[in-house]
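Trainee: What follows is a structure written as structure tokens; I'll ask about it next.
The values are calculated or read from the model by the stated rules, or taken from the named source; none is laboratory data. Everything quoted here is computed from the prediction, not taken from an experiment. Using ideal geometry, Cβ is built from the backbone for each residue, glycine included, and neighbour counts are taken over all protein chains shown.
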Amino acid sequence: MLTIAVCVKQVTDPEAPLSLFAIAADGRHLVPPPGTPPVLSTFDENALEAALKIKDAVGSRVTVLSMGNKLAKPVLKKTLAAGADELILLEDEQFEDLDSNGTAMVLAATIDKLGGFDIVLCGRQAADTDAGQVGMGIAAKLGIPAVTLARKVEVTDTSVRVERILPYGHEVVEAAPPVLVTASNEIGELRFPPVKAVIAAQKVQPTVWGAADLGVDLARSTRANLVKFFVPARDILCEMIGGSPQEIANGITEVLKTRIV
Amino acid sequence: MREAILDKGANMGENKGVLFLAEGRDGGLAKITYELTTAAHEIAGQLGGEVNAALFGTGLTRAVAELARLGVARVYVVDDPLFAYYHPEAYLAVATRLVRDICPSVVLMGHTDTGRELAPRLAFALDTGLCPNCVGIEVDAASDALRLTRPVFGGKADGLYSLSEDEPWIVTIAQKVFEPAVAHEGQAAEVVAFAHRVDAGSFRISVTERVEDSSEGIRLEDATVIVSGGRGIGSAEGFAELKELAAALGGCVGASRAPVDNGWVPANLQVGLTGTVVSPNVYLAVGISGAAQHIAGCSSSNTIIAINRDPEAPIFRRAHYGAVADWREVVPALTQKCRAMFG
Ligand SMILES: Cc1cc2nc3c(=O)[nH]c(=O)nc-3n(C[C@H](O)[C@H](O)[C@H](O)COP(=O)(O)OP(=O)(O)OC[C@H]3O[C@@H](n4cnc5c(N)ncnc54)[C@H](O)[C@@H]3O)c2cc1C
């Protein structure tokens, strides 16, 4: 049977307003307000949806991999509820704050340990770091081709067929498996799991592996060092235009008049 | 042009400056190329070494001539139909070879569709560090290391990064951050035809079809006026109203991600972190809340005007002018007024 791995990152909710967050004293972490649960990185949800669409179409076994430290299991179990067959958590203190290279090393080692997959799916970029590197890193380390920015992924008899987003259109790209594909939001949102599946998923005990289980040596893995996070001063003084709709329209037109030549 | 005769050994230990990957467009150079030139000179000015440019594509005569006038030492050119469109394996093969041959300390690309695809591939192929989407680059005077600033958390904060010691450091620069360089007559760089030896027969990824959306009128990134709508517009019909306003202003329509996800507008209208980065004269944001990921795509607009019925909407902290109102009442009046004024 076709095998698919989906790499999923747990992130702080990217849609929550920053005013509610604080930057930790070490400058290297963002502290969410108490009670804000982490979420699955949005493009990784799209990647899982792509995998489930393939599963619907041709049948496949879908394995979800998630790396981190102190992972929120109930959040990640959402992937099982949505239709993934297996959840493997890669948890280790060493996995906290890894850069893209380190992350790709851990995920590639896991994929190797599991004997490889026909398709590896990732989100196009993480919703917190926005780096967009891990997918291509995994492919490079596994020595398999990578196709990015998929809006549709299909499996034919001989190849994986991807519709890849271009700035003003799309291209159809084919590669024989094993292949890595990164998903964009155009693939569609992750399906809503039935309540029964949600309850069943919470009972599953996921496999948990650490650095020693994988045999990865992360001592020299860092290529990009975070020095600190900061919030740049960016607020602009906004001049408000008030009044009735017609007065507002007039006011905006006055502004436009001086700016459109 | 002469064929490159390059000897890696001869370059060892020398500071080889900055190499940037230029991008062409419509036979000339894309805007980002001029911004890259400025960034490259700023870095080389502090690190030492020369600034070289590379350009891959086909039918590049005019683009190469222009690039050669931007004050770079050498322009490495691959002018071959195989490079007419970006293909990751073709571009990676030739970029890797070029970087190995000329050993730059820093490789710069634009954070464009090409750059954000190619840069990670190159970084992993060379096993060096990459900092994407940089809005600030400084050279630490004591260590000669780069200190790179880039937006994170969708633009809610910035992160300051350094890269590990192994060169070359790979950096993609955010669009519309650096002042574009100006071409000067008489500043002719040496043009080197780079022998690439890329064999399409060895590719594992094949592009079987390329479909261009029928593009109406001006492209977003070229527009001087953009009327952009968000979830607050509510429907495709609502966007038809924005289109009329845009037409009256000689501009085009953009959108936040919500209307794209809802199928009200095509995906290529999306402005933002994962859409197009725009910098028009006027950006009119209608029914858009002002999420950081959206602002990342329009913050370099000259004037931002927001219409939103929620006085607390974050867009009012990013706009120059704002009106708290229901767009359905304001836009028809505004369209009429603009037709009279600008029609
Ligand atoms: C990794 C990642 C990448 C992303 N990339 C992008 C991107 O590239 N571009 C992008 O735009 N978003 C992007 N997003 C999504 C972004 O976080 C926001 O969800 C999105 O921008 C919200 O769109 P919106 O402002 O239209 O909708 P909302 O936030 O829902 O805002 C709608 C606004 O409309 C106003 N409104 C409603 N009705 C009316 C009315 N009748 N008159 C006037 N005002 C009205 C409301 O007050 C509200 O402020 C990304 C998100 C993630 C996680």
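Trainee: Just a yes or no: is a residue in segment A:21-28 more than 16 Å from the chain's Cα centre (by Cα) and acidic (Asp, Glu)?
Mentor: Yes, there is a match, as at least one residue in segment A:21-28 is more than 16 Å from the chain's Cα centre (by Cα) and acidic (Asp, Glu).
Trainee: Which residues, counting only those in segment B:261-283, are more than 8 Å from the ligand (Cβ to nearest atom), touching a Leu at 6+ places or on another chain (Cβ under 8 Å) and more than 8 Å from chain A (Cβ to nearest Cβ)?
Mentor: B:Leu269, B:Val278
Trainee: Going by the conditions given, is B:Pro151 buried (at least 18 other Cβ atoms within 10 Å of the Cβ), touching a residue at least 24 places away in the same chain (Cβ under 8 Å), more than 8 Å from chain A (Cβ to nearest Cβ) and more than 16 Å from B:Glu35 (Cα to Cα)?
Mentor: Here the answer is no, as B:Pro151 does not meet what is asked.
Trainee: Moving to a separate point now. Whether any residue in segment A:153-160 is buried (at least 18 other Cβ atoms within 10 Å of the Cβ), facing chain B (nearest Cβ under 9 Å) and without any contact (Cβ under 8 Å) to a residue 60 or more places away in the chain is what I want to check.
Mentor: No - not one qualifying residue is present in segment A:153-160.
Trainee: Also, quick follow-up: Among the residues of segment A:60-67, is any modelled with pLDDT under 95 and of a type in the set (Val, Ile, Thr)?
Mentor: Scanning segment A:60-67, I find no residue that is modelled with pLDDT under 95 and of a type in the set (Val, Ile, Thr), so the answer is no.
Rundown of residues vs (1) over 24 Å from the mean Cα position of the chain (by Cα); (2) closer than 30 Å to A:Thr110 by Cα; (3) among the hydroxyl-bearing types (Ser, Thr, Tyr), yes/no style:
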site	(1), (2), (3)
A:Val227	no, yes, no
A:Val231	no, no, no
A:Met240	yes, no, no
A:Ser244	yes, no, yes
A:Ala249	yes, no, no
A:Arg259	yes, no, no
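Trainee: With the requirement that a residue be within 7 Å of another protein chain (Cβ to nearest Cβ) and out of contact with any helix residue (DSSP H, G or I) (no Cβ under 9 Å at 6 or more places or on another chain), what does segment A:206-250 give you?
Mentor: A:Asn225, A:Leu226, A:Val227, A:Lys228, A:Phe230, A:Pro232
Trainee: Name the residues in segment A:11-30 that are small (Gly, Ala, Ser), on the phi < 0 side of the Ramachandran plot and assigned to a loop (DSSP other than H, G, I, E, B), would you?
Mentor: Those that are small (Gly, Ala, Ser), on the phi < 0 side of the Ramachandran plot and assigned to a loop (DSSP other than H, G, I, E, B): A:Ala16, A:Ala24, A:Ala25.
Trainee: Continuing with the same structure: I'd like to know if segment B:300-315 contains one or more residues that are within 12 Å of the ligand (Cβ to nearest atom), surrounded by fewer than 24 Cβ atoms within 10 Å (Cβ to Cβ), under 26 Å from the mean Cα position of the chain (by Cα) and at the interface with chain A (Cβ under 8 Å from one of its Cβ atoms).
Mentor: Yes, segment B:300-315 has at least one match.
For every residue, the table says whether it meets (1) under 19 Å from B:Glu23 (Cα atoms); (2) surrounded by fewer than 24 Cβ atoms within 10 Å (Cβ to Cβ).
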| position | (1), (2) |
| --- | --- |
| B:Asp80 | yes, yes |
| B:His87 | yes, yes |
| B:Thr96 | yes, yes |
| B:Asp101 | no, yes |
| B:Ser105 | no, yes |
| B:Thr114 | yes, yes |
| B:Asn133 | yes, no |
| B:Gly136 | no, yes |
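Trainee: Looking only at segment B:220-236, which residues are in contact (Cβ under 8 Å) with a residue 12 or more places away in the chain and away from the ligand (no atom under 13 Å from the Cβ)?
Mentor: Result: B:Glu221, B:Ala223, B:Thr224, B:Val225, B:Val227, B:Ala236.
Trainee: Residue by residue through segment A:31-50, note down the ones that are exposed (fewer than 14 other Cβ atoms within 10 Å of the Cβ) and outside any strand (DSSP E or B).
Mentor: Of everything in segment A:31-50, those that are exposed (fewer than 14 other Cβ atoms within 10 Å of the Cβ) and outside any strand (DSSP E or B) turn out to be A:Pro33, A:Pro34, A:Gly35, A:Thr36, A:Pro37.
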